[in-house]
Amino acid sequence: MNNTTNVMIVGVGGQGSLLASKLLGHVMLKKGVDVKVSEVHGMSQRGGSVVTYVRFGDKVYSPIIDKGEADYIISFETLEAARYMANLKPGGQVIVNDQQMDPMPVITGAATYPEGLIDKMKDAGAKVDAIDALGIAMEAGSAKAANVVLMGRFSTYFTDVTEAEWLEALEECVPPKFIELNKKAFDLGRKA
């Protein structure tokens, strides 16, 4: 890896973005590259936005990803993907759970959830890989595995990391009693 790869993991508090960033950082460290991770918590405990930056390559000097620098945005929710589109570099890839979670202004009736966000992201020139990660996670055995479903899908974009390496990292990052469920979620995400 000669260049730095920039990945933003975005979602809403409680969706598992921290496990996703830990998994990505772990697998890249095992590949012997320099990794920097920065977690930015908004009102995550109140269902607010959570952003994690993961940067890896030969030498990474800062964990922060500025506007127009993200190679990938992995989003656990559609509106969060749209919110961070300015950070995506031209030609960048969005991997998004097509789930919609109403933010507080929508819940209180002060706003409506924007419609057609995936099409709007595509119309803006983004490559968008939208999957039903929540439905796939339910098929694996738990809605809480949607984060691992998305990481399974994301793993298909990295040919220099084998599926076995991803699964080994998963085993090291997930409590033993949840490993089989998460392996199934990861596999289903890869096949999505």
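The values are calculated or read from the model by the stated rules, or taken from the named source; none is laboratory data. As the structure is a computational prediction, the values presented were derived from the model and not from experiment. Note: ideal-geometry Cβ built from the backbone for every residue, glycine included; neighbour counts use all protein chains shown. SASA here: full protein model, heavy atoms, side chains in, ligands and nucleic acids out. Shrake-Rupley method; radii C 1.70, N 1.55, O 1.52, S 1.80 Å.
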Label of the coordinate-derived value, percent of Cα pairs over 30 Å apart, listed as (1) 14; (2) 19; (3) 52: (1)
The percentage of the accessible area of the chain (probe 1.4 Å, all protein chains present) made up of carbon and sulfur atoms, to the nearest whole number, is 51
Roll a 1.4 Å probe over the protein chains and send me the accessible area per residue for the chain in Å². 48
Compute the distance in nm between two label points, each set 7 Å from the Cα along the Cα-to-Cβ direction, one at LYS89 and one at ILE64. 1.8
Segment ASP132-ILE107, length gained on full extension (0.36 nm per residue, minus Cα span): 6.8 nm
Subtract the Cα-Cα distance of ASP34 and THR159 from 0.36 nm times their separation in residues, and report this length gain in nm to one decimal. 43.2 nm
Enumerate by residue number the trypsin sites (Lys or Arg not before Pro) in segment 6-103 meeting two conditions: DSSP loop (anything except H, G, I, E, B), and at most 12 other Cβ atoms within 10 Å of the site's Cβ. LYS59, LYS67
